[in-house]
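Written below as structure tokens is the structure these notes are about.
Just so it is clear, none of the values below were taken in a lab; they were calculated from the coordinates. Note that this is a predicted model, so its numbers are computed, not measured.
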């Protein structure tokens, strides 16, 4: 018979399974929203516009929900999933393989730091609320640099950060577009002009 410590360790080391948009995901404790796809990600996926040949980047991919759903919706493009957490990248890769998605890859990177120079049609991020304003501005400036002209940077964030991102997108991209706002989350985007 297992003692309490062994039982607890068994439960937290066990993969959690969840499904979304016809895909099955494995997650684990310690990653963001391991029991269910969070409402913010669902809202973003409902409102993102994507071409079937789009090259996409999921910034802060967690276990891969946004990026893998985009890769499935853009089968003629390439999708890169990045996260600074090696456990998240490991699970994103596990989920990529499990779902048979060949047009995506996963990379350990703190923001854009390890991403080779290239251009994307679409960048998405479920922005963490507590990384600090400096880091949020770095994301905005780096996203602008990594987008092709006409490319979009979609974010979903808690509604409390809506005004900050309105100001940040306006300063960095020259405009801000609120796509959808719910009680808890706001989906917004900036488009690279030129």
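Restricting the count to DSSP beta bridges whose residues both fall in the chain, what percent are antiparallel, rounded to a multiple of 5? Here the share of antiparallel DSSP bridges comes out near 45 percent. For the chain, the longest principal axis of the C-alpha atoms and the axis of helix 4-13 are separated by about 40°.
In terms of the ratio Rg/(2.2 N^0.38 Å) built on C-alpha atoms, what value belongs to the chain?
Rounded to two decimals, the normalised Rg is 1.04.
The stretch between residue 137 and residue 175 holds 12.2 nm of extra length on full extension. This uses 0.36 nm per residue minus the Cα-Cα distance. Test of understanding: in a Gaussian network model of the chain with alpha carbons linked when under 10 Å, which of 63, 176, 91 would top the mean-square fluctuation ranking? Among 63, 176, 91, the largest mean-square fluctuation in the Gaussian network model of the chain belongs to 176.
Given their separation in residues at 0.36 nm each and the Cα-Cα distance between them, residue 17 and residue 103 gain 28.7 nm when the chain is fully extended.
Would you mind giving the average projected area, over all directions, of the Cα convex hull of region 96-158 in nm² with one decimal? The partial results should precede the final answer.
On the way: hull surface 21.6 nm².
Result: a mean projected hull area of 5.4 nm².
From helices alone, the chain scores -10500 deg cm²/dmol at 222 nm; the rule is -39500 (n - 2.57) for each run of n ≥ 4 DSSP H residues, then divide by the residue total. Summarising the strand pairing of region 76-189, around 45 percent of its internal DSSP beta bridges are antiparallel.
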